[in-house]
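Asks: Here's a structure for you.
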Amino acid sequence: MPKVDLYYAGVHLRKTVNAGTKLSDILSKERMSVSMPCGGNGKCGKCVITFKSGAPATDIATASLLTGEQILSGKRLLCKTVINEDCEIIIDDKFSGEDKIAAESVEALSQKRLNAGDIEDFYIAIDLGTTTVAMALVGKEKTKSKYEVISAVSGNNHQRQYGADVISRIAAAGKDGNAAKLRKLILDDILYLIEKLIKDGLNAGGFKSSISGIFIAGNTTMLHLLRGYDVSRLGSYPYKTQHLNFEIITVKELFKDENSLSLRRAKIGKYLKPETKVTLLPGISAFVGADIVSGIYYLDIISKKGTKTLFLDLGTNGEMAYFDGKKLTVTSTAAGPVFEGGGISCGTASIPGAISHVKILNYKVEIITIDDEKPIGICGTGVMEAVAELVRTKNVGTDGLLKEEFFDEGFVLYESPGIDKIIVRITQQDIRNVQLAKAAICTGINKLTKEDIPDVVYVAGGFGTHIDIESIKTLGLFPDVFDDKIEAVGNTSLKGLIKFIDDIKSTEYENGDAYSKIAEITDNAEELVLAMENDFGEQYIKSLDFRI
């Protein structure tokens, strides 16, 4: 049986495995966080690892994605690696940093950090994102009536080893046994983060009570995978869902296939009872999910009669909603994972070392990285700012083409010294991916608003919070008339859940006004299917160009 020495995030792990074991399976079992953006199909070439010894022979697919120099130096693709002999493997630093993903914080929701020892009622709010799971412990002080944030945590959605976007995961779930694996991964993530939440509560002053309830929002695919529902019809027209309504189940039902599992392993069994209620918020359609409903609820959009409100969540699906003062219309557009650094040659999640801001002055590049760490790649905000700067400095034309001198190798933003140098660049394909994403968003906005001018534009998520809107104007992502109307609103999915908890506790549980307000959103939302619009293709093509 082969022996594998793994070097990952400063840890040395030795494992004896059966010949023919996939490296990705070993890492998954050990909860070592890695990303395989193309779903492990060996098509993107981004999951590069290094063999110190025992490097396997390369197949044709791997050879086409790595240079001869890389192959000779022991570089291989993680997703294609099968262990058949003794070996030593270094999992690159860019993977180990992904456990520190910079998810949107919810600390700002509370004016003060509450002491858990003074709380009489605890709830957990969970935003189940495609890339990140964000979670908040919510409670009410004994002398107060309002529910506030006690602590918040976030972490990776480890399903990403099956792909960076929902379409990849839908495809993966259709393969034998993968649906159950995807479900187990997210259940483990949830339990792991709940344990962290409770530890924070203990540190805050003594967690002396069990959880009273759990509330979950997420996009439709994530919630279907969580519940073990069939997702095969979500990936092709007419995009049928199995369940979109409120669900109120118990912890025992949620973890039914896991033999009450991990409750003991995660050391939270005494806080999380089998009968504890779990509420999943409803969605609107296959690609406009409960996370958007929660955001609309948090912003109280449909109650503001006469106010024209555009709500954008610039993730993989490009979900958006427009309230014209009377009617709520929603849509989604396939923007791809560019806004989260996906589909980019040197792209990475928003982790320490990711280039997040870029300025170009006379060919001199100025960069800022998350936590001021050494650059390891570039995240969504950095990608957008870099391309915008290349357009502004006329290194990229309005048609999206790099100048001839950079066309083949790309424009280098950063290059480290030394043998194992790190080069972060923007390639022609990266620029094309930005064009496709921004064209999808622009076309969606135009079709949704019918070119009406909203009174306010809310941009949700980490991208909207951290991007400098002025710095990306040359991309033409938003019309100029939006300039003084844009407001970054952070993680509205999680904020909506927290508001929902506070609202239902001030009314009769399960039958209060909060449930009615959520139902009003889902019942009255009208979905616009962009693909069915006659001139969608024409407007999309027009939206590809940048502007000077």
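Asks: Quick one: compute the contact order of region 292-408, relative version, from alpha carbon pairs under 8 angstrom and 6+ residues apart, as a percent.
Replies: 16
Asks: Relative contact order, percent, of the chain when contacts are C-alpha pairs under 8 Å separated by at least 6 residues?
Replies: The normalised contact order for the chain reaches 13 percent.
Asks: Let me ask something else about it. Okay, helix-only estimate at 222 nm for the chain: each DSSP H run of n ≥ 4 adds -39500 (n - 2.57), divide by all residues, round to 500 deg cm²/dmol; what do you get?
Replies: -8500 deg cm²/dmol
Asks: Right, something else. Please say if region 284-338 is rounded, prolate or oblate, where rounded means a/c under 1.5 for a ≥ b ≥ c the square roots of the C-alpha gyration tensor eigenvalues, and otherwise the choice is prolate for a/b larger than b/c and oblate otherwise?
Replies: Cα axes put region 284-338 in the prolate bin.
Asks: Same structure, new question: Rounded to two decimals, what is Rg over Rh for region 299-548 when you use alpha-carbon atoms and the Kirkwood radius?
Replies: That ratio equals 1.03.
Asks: In debye, nearest 20, what is the charge dipole magnitude of the chain about its Cα centre with +1 on Lys and Arg Cβ and -1 on Asp and Glu Cβ, if you could check?
Replies: Dipole magnitude for the chain comes out near 1400 debye.
Asks: Can you compute 3J(HN,Hα) from phi for each residue in region 318-332, using the Karplus curve 6.51 cos²θ - 1.76 cosθ + 1.60 with θ = phi - 60°, rounded to whole Hz and x for Gly and Pro?
Replies: Result, rounded to whole Hz: x, 6, 8, 9, 9, 10, 7, x, 9, 10, 9, 10, 10, 7, 9.
Asks: Rounded, prolate or oblate: pick one for region 3-96, where a ≥ b ≥ c are the square roots of the eigenvalues of its C-alpha gyration tensor, a/c under 1.5 means rounded, and failing that, prolate if a/b is larger than b/c, else oblate.
Replies: Since a/c stays below 1.5, the shape of region 3-96 is classed as rounded.
Asks: Which far-off residues, 5 or more places away or on another chain, put their amide H under 5 Å from the one on Ser151, with H placed in the peptide plane?
Replies: Leu137
Asks: Continuing with the same structure: In the neighborhood of Glu409, defined by Cβ-to-Cβ distances under 13 Å, what is the net charge if each Lys or Arg adds +1 and each Asp or Glu adds -1?
Replies: After counting each charged neighbour, the total is -3.
Asks: Amide H of Thr250: which non-local residues (sequence gap of 5 or more, or other chain) have their own amide H closer than 5 Å, using H built in the peptide plane?
Replies: Amide H neighbours of Thr250: Val278.
Asks: Something else about it: Once the dipole of the chain is set up with Lys and Arg at +1 and Asp and Glu at -1 on Cβ about the Cα centre, which of Ser350, Gly325, Tyr162 lies farthest towards its positive end?
Replies: Tyr162
Asks: Of Ser516, Ile91, Leu23, which is farthest on the positive side of the dipole of the chain, counting Cα position, with +1 on Lys and Arg Cβ, -1 on Asp and Glu Cβ, and the Cα centre as origin?
Replies: Leu23
Asks: What does the extension gain come out to for Lys421 and Glu533, with contour length at 0.36 nm per residue minus their alpha carbon separation?
Replies: 35.5 nm
Asks: Let me ask another. Just tell me which lysines come within less than 25 Å, Cα to Cα, of Lys175; anything on the same chain fewer than 8 places away is out.
Replies: Lys22, Lys29, Lys43, Lys46, Lys80, Lys184, Lys240, Lys256
Asks: Using the Karplus equation 6.51 cos²θ - 1.76 cosθ + 1.60 (θ = phi - 60°), what ³J(HN,Hα) coupling, rounded to whole Hz, does each residue of region 231-241 give in order, writing x for Gly and Pro?
Replies: 10, 4, 7, 6, x, 9, 4, x, 6, 8, 9
Asks: For a Förster distance of 35 Å, can you work out the FRET efficiency between the beta-carbons of His243 and Ile453, rounded to the nearest 0.05?
Replies: 0.40
Asks: Separate question: Beta carbons within 10 angstrom, averaged per residue: use that to sort the peptides 295-306, 520-531, 6-17, 331-342, highest first.
Replies: Ranking, from highest mean packing down: 331-342, 295-306, 520-531, 6-17.
Asks: Over all pairs of distinct alpha carbons, what does the Kirkwood formula give as the hydrodynamic radius of the chain, in Å?
Replies: 24.4
None of the figures in this text is laboratory data; all of them are computed from the coordinates on show. The structure presented is a predicted model; accordingly, all values stated were derived computationally and were not measured. Reconstructed Cβ throughout: ideal geometry from the backbone, glycine too, with neighbour counts over all protein chains shown.
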